[in-house]
1. Tell me which residues, restricted to segment 1-44, are among the small types (Gly, Ala, Ser), free of Cβ contacts under 8 Å to residues at least 12 places away in the same chain and exposed (fewer than 12 other Cβ atoms within 10 Å of the Cβ).
2. Can you work out which of the residues in segment 70-105 that are at pLDDT 75 or above and part of a loop (DSSP other than H, G, I, E, B) is surrounded by the most Cβ atoms within 10 Å (Cβ to Cβ)?
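The values are calculated or read from the model by the stated rules, or taken from the named source; none is laboratory data. Everything quoted here is computed from the prediction, not taken from an experiment. Counting neighbours? That spans all protein chains shown, and the Cβs are built from the backbone with ideal geometry, glycine included.
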Amino acid sequence: MATVELRFSALPEHVRTARLVAAAVARRSGVDEAVLDEVRLAVGEACTRAVGLHQSGGITAPVKVSLIEEEKQFSIEVGDEAPRIAPGDRVPGSGGIDVDAEEDEMGLAVISGLVDDVEVTAGEHGGLIRMTWPTTPPATALG
């Protein structure tokens, strides 16, 4: 299993770099050319979401992106350190209102529309979006 890891300051200008690196590694890993635009868009959305969560929460830690090449699949994990609570829980003093919840749900809906295999986890130490695509093994030369 080969892994490429990126860490970048939570600034919007770094999202483009993460998208470009993700597409290049996905291509090398055997992800179908037809879905590379979806990879770019999904990574861009996930990274933009993480940057927004860090900025709104005043978090200075970097956003983490892992590009994982496995035998028959390629996965991208975008992690943030923005603490969140489970749906239905309430943060003391917030009146139970999460002003960013609608924007967060919209971003996750876009990602889910682009990627068939998505797993989202979140907790008090941050969140992780794992997106997975099938790969095609490289063609072997006959001869």
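1. If we filter segment 1-44 for residues that are among the small types (Gly, Ala, Ser), which is where we start, we get 2, 9-10, 18, 22-24, 26, 29-30, 34, 42, 44.
Going one step further and asking which of them are free of Cβ contacts under 8 Å to residues at least 12 places away in the same chain, we end up with 24, 34.
Result: 34, single match.
2. Our first condition is that a residue be at pLDDT 75 or above; within segment 70-105, this holds for 70-84, 104-105.
Imposing the further condition that a residue be part of a loop (DSSP other than H, G, I, E, B) reduces the set to 70-72, 81-84.
Working: 70: 13, 71: 7, 72: 9, 81: 18, 82: 24, 83: 15, 84: 21.
Residue satisfying both the conditions and the ranking: 82.
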